[in-house]
């Protein structure tokens, strides 16, 4: 009975479908957000029904498109469109935040809301007219309705709310937010897998720490079928003051253990864009992992085209090779600058692919250097560095490898800069580790400052 009441609460508030009106209580509100995708199922069925009827009766193209455009509106009663209209008026006002809040509460519809709604329906009508209503296309659209409702529920449970009143606040406060996030994330992964199986290229944008909860779906519903789903893994690495459960420091380890999964990590803004373009043409599961905050804008001049499993040489000399992935490339750049200031010859390579890592590039580094320093913002166990180390030790036993990674421990929340220093992955700490371990400045490897500081650019 509680399950039926939970579904009824979701339908009563987010659809125009007539359902019994249960009394809201702690039990039926706890998981009401999980029932949001059921509204998407009804929207998908309405879309499919009209497409089938239009095909059976040979409706004109414009009539078919109009019905497809209006079907979800009739199911939902325009519940989301009114919020969209209010938001358009508020954003277009260019007023102070307090005034924008007042505009959001105003039941009247302003000029900008009308303009944006007309634009929305025009674009949606054009899309519906362009869709060839094959079974595969209809399935993808239906799953799209499910996915968007799942994401709306996930957003309410996962993100801060603009105000402490309203329906979203009511649902958020009454929900078991942790359980809701897990359930909806699993459903998002299933919907994405279904869309991929139907021929689309879905992109699942998700926090690194939240992706842990969908490991089973990634493995069984995406990778075992080798479906072309792109996982855009946000907040990877250290995230700051969100709590130790939100540190995205395990994704290299658990993603690279899955067959058919490839993992990439961009060094800067431009490489992230290039990787996304590459991913849309790649025909298997792929994850692109990037950190929280503003994208790094350094090393802009290095834009070697993306090739599968191929890294990027940035600076090449001899003796010391810094091999970094993702956010640690910028740290590697700082380490190199400081080592160069002390007179050391030092190369810097951008791994790009965590899985598969570039064995040719690693071999090139091993043949020309006596020390390879791997750098990653992930735990050491199961990460990039140990995979590289195993390859080097098997093929180039005379070359030393130093792994810079996060220790095998949970990381408390706090300022990212302070955390990096405490974990030994900032530039000064890395150089200190190299010196303390006898990797530089000692007779162990014989790597000492060179009188000639000329560098080669690759």
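For region 275-298, indicate whether the set of residues that are outside the structural domain of residue 189 (by TED's automatic domain parsing), within 30 Å of residue 367 (Cα to Cα), in a loop (DSSP other than H, G, I, E, B) and out of contact with any strand residue (DSSP E or B) (no Cβ under 6 Å at 6 or more places or on another chain) is non-empty.
The answer is yes; a qualifying residue exists.
Can we say residue 17 is modelled with pLDDT of 80 or more and either part of a loop (DSSP other than H, G, I, E, B) or touching a strand residue (DSSP E or B) at 6+ places or on another chain (Cβ under 6 Å) (or both)?
The answer is yes for residue 17.
Out of 129, 179, which single residue is at pLDDT 80 or above, part of a helix (DSSP H, G or I) and within 29 Å of the chain's Cα centre (by Cα)?
179
So residue 177 fits all but one of (1) assigned by TED's automatic domain parsing to the domain that holds residue 140; (2) out of contact with any strand residue (DSSP E or B) (no Cβ under 9 Å at 6 or more places or on another chain); (3) surrounded by 21 or more Cβ atoms within 10 Å (Cβ to Cβ); what number is the exception?
Result: residue 177 fails condition (3) only.
Checking the structure you have, find out if any residue of region 53-61 is under 33 Å from the mean Cα position of the chain (by Cα) and either assigned by TED's automatic domain parsing to the domain that holds residue 134 or at pLDDT 90 or above (or both).
So far as region 53-61 goes, no, none of its residues is under 33 Å from the mean Cα position of the chain (by Cα) and either assigned by TED's automatic domain parsing to the domain that holds residue 134 or at pLDDT 90 or above (or both).
For region 227-274, give me each residue that is in a loop (DSSP other than H, G, I, E, B) and within 13 Å of the chain's Cα centre (by Cα).
If the condition is that a residue be in a loop (DSSP other than H, G, I, E, B) and within 13 Å of the chain's Cα centre (by Cα), then 229, 235, 236, 265, 266 are the ones that fit.
Here's a check for you: in region 360-394, which residue that is part of a strand (DSSP E or B) and free of Cβ contacts under 8 Å to residues at least 60 places away in the same chain is nearest to residue 328 (Cα to Cα)?
Among them, the one singled out is 375.
Quick check on region 296-310: of everything there that is buried (at least 19 other Cβ atoms within 10 Å of the Cβ) and within 21 Å of the chain's Cα centre (by Cα), which residue is farthest from residue 336 (Cα to Cα)?
306
Take residue 75 and tell me if it is assigned by TED's automatic domain parsing to the domain that holds residue 18, surrounded by 17 or more Cβ atoms within 10 Å (Cβ to Cβ) and part of a helix (DSSP H, G or I).
Answer is yes for this residue.
The values are calculated or read from the model by the stated rules, or taken from the named source; none is laboratory data. Just so it is clear, the model here is predicted, and its values are computed rather than measured. Methodologically, a virtual Cβ is constructed for each residue, glycine included, from the backbone with ideal geometry; neighbour enumeration extends over all protein chains shown.
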